[in-house]
Every structure is written in C-alpha cells, then in structure tokens.
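Values quoted throughout were computed directly from the atomic coordinates according to the rules given, and no laboratory measurement underlies them. Model, not experiment: these values are computed from the prediction. Quick reminder, even Gly has a Cβ in these numbers, built from the backbone with ideal geometry, and neighbours come from all protein chains shown.
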Amino acid sequence: MSWIWPEYINRDLLLAKRERNAIHRDAWKLWWANKSNIVLYLTLPAFYLLTVFFASDAGGRIATFIGESGLVHGLFRAGAPVVLFILCFVLGGAVLQRTRFAPCVHQATRQHGYDVCVKCGYWLRGLGDEIIRCPECGARREAVPRSEPN
C-alpha cells in the first residue's frame, strides 16, 4: 500500500524513528496551518454526497445504453456509487496526499536541517553550492534553514 500512501521522507536519510516521527508531526502542523488543504479534503466527501444520488441513475442509463437489462442493469446501478466512491476517496485522496502533504513533509525535513529538494524530496547531500537545481526534478535549490541549538 506504500504506492498509495508513501512516507515521503527520503529513505536514504539515516534518521532514527524518533526524528522521523518529529518530521511527520511538523509536516502535519504545516499542513493544518494551510486552511486551503482542509477545504480541498472536505470537497471529497461533499462531491461524493452531491453526486452519489445521481450515480445509480447514471449506471442504469449506461446499462440501458449498451442494451443490457435485468441483472446486469441492477449491477450497473449498484456498482456506480462504488466506482464513484473509489474515484473520490481513494484516487482523490492519493492525489491530494501527493500534491498537498508531500511538500509539507519536504519542508519539515528541511526545517530539521537536511538538504532535500522542496519539490521532490531528493537528498541533495554531497552536491556543491554551485549546483542551483535539483538533479532529480530540476526545481530551484533553496538554502537550508539552520536551526539554532537550544
């Protein structure tokens, strides 16, 4: 299932479980701070609830259009809301996870002092300061924020 909900922290980073958890905690704080993330995630159930009532009718129309009746017609009517559910929550959630949560993880990783790409999370270790673009995705490289010791 990691292809749907990956961890987003570069596996090459040798981090203790405690630090990985701290990065994820900070990433969730960054995610919650952006109110548009909440609105986007709430659109998934709203879209589903607004369209589920029409899905079974659409499934029945599709079955009628292709010339099926009886059991197949009933299966199309019953299956349409299931297909809609999968599209809304599984695929929609995966897309929002990759486009909205992954950048928060990359930013939190950078806040912990690791030089990773803001866009793709590639570890930029060992690259000189003269490299201004990520070799993995081509995004512009930003300076790593250095945290001051407490």
Here region 45-54 yields Karplus 3J(HN,Hα) values (6.51, -1.76, 1.60; θ = phi - 60°; whole Hz; Gly and Pro given as x) of x, 5, 4, 4, 5, 6, 9, 5, 5, 9
Non-local residues with an amide H under 5 Å from the amide H of Arg133, with H modelled 1.01 Å from N and Pro and chain starts lacking one, are Arg141
Here region 9-14 yields Karplus 3J(HN,Hα) values (6.51, -1.76, 1.60; θ = phi - 60°; whole Hz; Gly and Pro given as x) of 8, 3, 5, 6, 5, 7
Between Val116 and residues 5 or more places away or on another chain, the pairs with built amide H atoms under 5 Å apart involve Leu124
When Cys120, Cys137, Cys88 are ranked with the fewest other C-beta atoms within 10 Å first, the list becomes Cys137, Cys120, Cys88
